[in-house]
Each structure stands twice: as structure tokens, then as C-alpha cells.
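The values are calculated or read from the model by the stated rules, or taken from the named source; none is laboratory data. It should be emphasised that the depicted structure is a prediction, and the values quoted were computed from it without experimental measurement. Methodologically, a virtual Cβ is constructed for each residue, glycine included, from the backbone with ideal geometry; neighbour enumeration extends over all protein chains shown. Note: areas computed on protein heavy atoms with side chains; ligands, DNA, RNA excluded. Shrake-Rupley method; radii C 1.70, N 1.55, O 1.52, S 1.80 Å.
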Amino acid sequence: MQNETETAPEGACAVQPLWSVPVVARYLGRSQRWVWAQLGRPETEPGSIPHRRIGKAPRFFPEEIRQWVDAGCPPVAQLKAWRGRQ
């Protein structure tokens, strides 16, 4: 009988899935509309959210969002500058 649970191939690293707008909105306790509005802000402005675009869809690294929140939600450019000093 075959094992029904999927496992990563040997030697592969476990990758945490990227978050979508609805997931980030739920995590932040905000509306999806609010998240979309913040995505339109330049990285240098307060309220900008760290993200990557895959095609046109914004995606978020969970750990990056957690670090951003822990840092007090600074502008993305400031967060990147802090990371560069580490």
C-alpha cells in the first residue's frame, strides 16, 4: 500500500508557501482593499508592504511580513536598508 502523504524529495529544502492578498489581510487584521491600497505606495512611503510580483499577482514571504510587523511596519525601503546592515 502506498503512503498517501506527500513528502519532499530527499535533499530538497522545505519551502514555506507564499501568501496572497487575502492571507496577508487576514494576518494583519485589515481588509483586502486596504492591502491593495498599500501595494500602490512607493517603497519609500510609510504603509508600503514588502512583496514580490509573480506576473501581476503580488505575493508575500510570511517571514518577511512578520519581520516588517515586528519592526513597526516601516517603509519597505527602510526595512531593506536595515537588512543590508545586518
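The table below lists the values:
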read-out: Enumeration of residues in segment 59-69 that are assigned to a helix (DSSP H, G or I), open to solvent by less than 20 Å² (accessible area, probe 1.4 Å) and touching a residue at least 24 places away in the same chain (Cβ under 8 Å); value: P62, I65
read-out: Evaluation of R59 against (1) modelled with pLDDT under 95; (2) closer than 15 Å to L18 by Cβ; (3) among the charged types (D, E, K, R) (one fails), failing number; value: (1)
read-out: Residue satisfying all of: in segment 70-83; open to solvent by less than 50 Å² (accessible area, probe 1.4 Å), part of a helix (DSSP H, G or I) and touching a residue at least 24 places away in the same chain (Cβ under 8 Å); nearest to Q32 (Cα to Cα) among these; value: V76
read-out: Of residues in segment 1-40 being at pLDDT 95 or above and outside any helix (DSSP H, G or I), the one farthest from P62 (Cα to Cα); value: S31
